[in-house]
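Enquirer: Sharing a structure with you now.
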Amino acid sequence: MTEVIVASQAPGTDISVPGASGARQFWRRLRTQPAALVAAAVVALLVLVALAAPLLTAVEGQDPTTYHPTLVDSARGGVPLGSFGGVSGDHWLGVEPQTGRDLFARLVNGARVSLGVAFAATLVQVLIGVVVGVAAALGNRWVDQLLSRVTDIIIAMPLMIMSLALLAIVPSGFPRPVLVALIIGLVAWGSTAKIVRAHALTLKELDHVAAARLSGWGPWRVARRELLPALAAPVITYAALLVPMNITVEAALSFLGVGVKPPTPSWGQMLTAADVWYQAAPQYLLLPAGSLFLTVLALTVLGDGVRTALDPRAASRLRVGTGRKREARA
């Protein structure tokens, strides 16, 4: 993925986001992509559901942690009573096997946790990656070499294994969603730093950046005034692609039992408990799995749409390539 993002911005390409005019151009290009607009609507709806989770569960009259043992059949191992997993006016999506906890309340609160962890982890990755990448590009040869080697070590570390190790040694009293977001961000910022460094090195050779450095500006003033505005487009593009990756990592960690701990709901943690109920109560598995699939798909499509809108050359290359194929066939 790093190579794709870097290759999408060749030297000499205008990769800045010029204020309001650039925002209007971005929106105009994004509107030409129906799939990206649909994905944006889905993501907006999911974020709204996550933010309004307490209100939605209050409207239903349930909460994600209360047990309802009378709604499950203990003689059959805890299978929910009633049709479709116990769906009723009081429990809109049915109840959880064995415990009888409300599935709708756990699903919407799980969205709150999963999306919150993914966005927070992405923010940590982007902040560290931008700082390290810009510092490596603007520093002297020794600083660049040191930061580049540290970045290589971070990239070489297996994310899942490092996360498992760190999560296992942290005291259980630390808020688990915050801990998962911090660990994902602190272990996986290397690719962001590589992308930022590559773009910053290209920008550093431009005339206006060279003039600013020769005029006596310090490195951080050059970064703030000249580099960071031009780095906005590639950083936003990569961040949009990081969010679905981080949702998947959070779900995998929770599925392995070292992520978000019960009774706090998350989609990955729900999948952990649902793997033995796919026959007796299939909705218990399908609801979190379907929500996870829809969220990752929508965010991936939206990220690709954002990349194309910020890099209009991608659409131009597609049109040129299609035209050449048509000419060849003619």
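Enquirer: So what are the ³J(HN,Hα) numbers for the stretch 74-87, from phi and the Karplus equation (6.51, -1.76, 1.60; θ = phi - 60°), rounded to whole Hz, Gly and Pro as x?
Expert: 5, 5, 9, x, x, 5, x, 7, x, 7, 6, x, x, 5
Enquirer: Taking 0.36 nm per intervening residue step and subtracting the Cα-Cα distance, what contour gain separates PHE174 from LEU214 on full extension?
Expert: Fully extending the segment from PHE174 to LEU214 adds 9.6 nm.
Enquirer: Would you compute, from DSSP H runs of 4+ residues alone, the mean residue ellipticity of the chain at 222 nm, taking -39500 (n - 2.57) per run and dividing by the full residue count, rounded to the nearest 500?
Expert: It lands at -23000 deg cm²/dmol.
Enquirer: What is the set of long-range amide H partners of VAL72 at a cut-off below 5 Å, with H atoms built 1.01 Å from backbone N?
Expert: LEU81
Enquirer: On full extension of the chain, what length is gained from VAL47 through LEU186, given 0.36 nm per residue of separation minus the C-alpha to C-alpha distance?
Expert: That pair, VAL47 and LEU186, stretches by 47.6 nm at full extension.
Enquirer: Rounded to the nearest 20 debye, what is the charge dipole size of the chain about its Cα centre when +1 sits on each Lys and Arg Cβ and -1 on each Asp and Glu Cβ?
Expert: That gives a dipole near 1340 debye.
Enquirer: If you don't mind, another one. Provide the per-residue ³J(HN,Hα) series for the stretch 127-139, in order, calculated from phi with Karplus coefficients 6.51, -1.76, 1.60 and θ = phi - 60°, each as a whole number of Hz, with x at glycine and proline positions.
Expert: These are the phi-based 3J(HN,Hα) values: 4, 5, x, 5, 4, 5, x, 5, 4, 5, 6, 8, x Hz.
Enquirer: Work out how much length ARG141 to LYS261 would gain on full extension: take 0.36 nm times their residue separation and subtract the Cα-Cα distance, in nm to one decimal.
Expert: Using 0.36 nm per residue and subtracting the Cα-Cα distance, I get 38.7 nm.
Enquirer: Classify the stretch 163-273 from the C-alpha gyration tensor, please: rounded if a/c falls under 1.5, else prolate or oblate depending on whether a/b exceeds b/c.
Expert: prolate
Enquirer: Note down the nm distance, to one decimal, between modelled labels 7 Å out along Cα→Cβ at ALA23 and at THR70.
Expert: For the pair ALA23/THR70, the computed spacing is 5.4 nm.
Enquirer: Now, a different point. Name the long-range amide H neighbours of GLY259: under 5 Å, sequence gap of 5 or more, or other chain; modelled H, no Pro or chain starts.
Expert: The answer is SER254.
Enquirer: Could you tell me which of rounded, prolate or oblate describes the stretch 109-234, using a ≥ b ≥ c as the square roots of the eigenvalues of the alpha-carbon gyration tensor, with rounded for a/c under 1.5 and, failing that, prolate when a/b is larger than b/c and oblate otherwise? Could you put the intermediate results ahead of the total?
Expert: Working: a/c = 3.07, a/b = 2.05, b/c = 1.50.
It is prolate, given that a/c is not under 1.5 and a/b is the larger ratio.
Enquirer: Follow-up question, since we're still on this one. Whole-Hz Karplus ³J(HN,Hα) for the stretch 273-287, in order, using 6.51 cos²θ - 1.76 cosθ + 1.60 and θ = phi - 60°, x for Gly and Pro?
Expert: Residue by residue, the stretch 273-287 yields 7, 8, 5, 9, 10, 5, 9, 6, 9, x, 5, 5, 8, 6, 5 Hz.
Enquirer: Right, another one. Between (i) 0.99; (ii) 1.06; (iii) 1.01, which entry matches Rg/Rh (Cα atoms, Kirkwood Rh) as derived from the coordinates of this structure?
Expert: Checking each listed value against the structure points to (ii).
Enquirer: Would you list ILE128, ILE169, ILE155, ILE184 from fewest to most Cβ contacts within 10 Å? Can you show the working numbers first?
Expert: Values: ILE128 18, ILE169 6, ILE155 15, ILE184 27.
Lowest to highest Cβ neighbour count: ILE169, ILE155, ILE128, ILE184.
The numbers here are math on the coordinates, done by the rules we state, and not lab data. These numbers were taken from a predicted model, which means no experiment stands behind them. Positions of Cβ are backbone-derived with ideal geometry, glycine not excepted, and every protein chain shown enters the neighbour counts.
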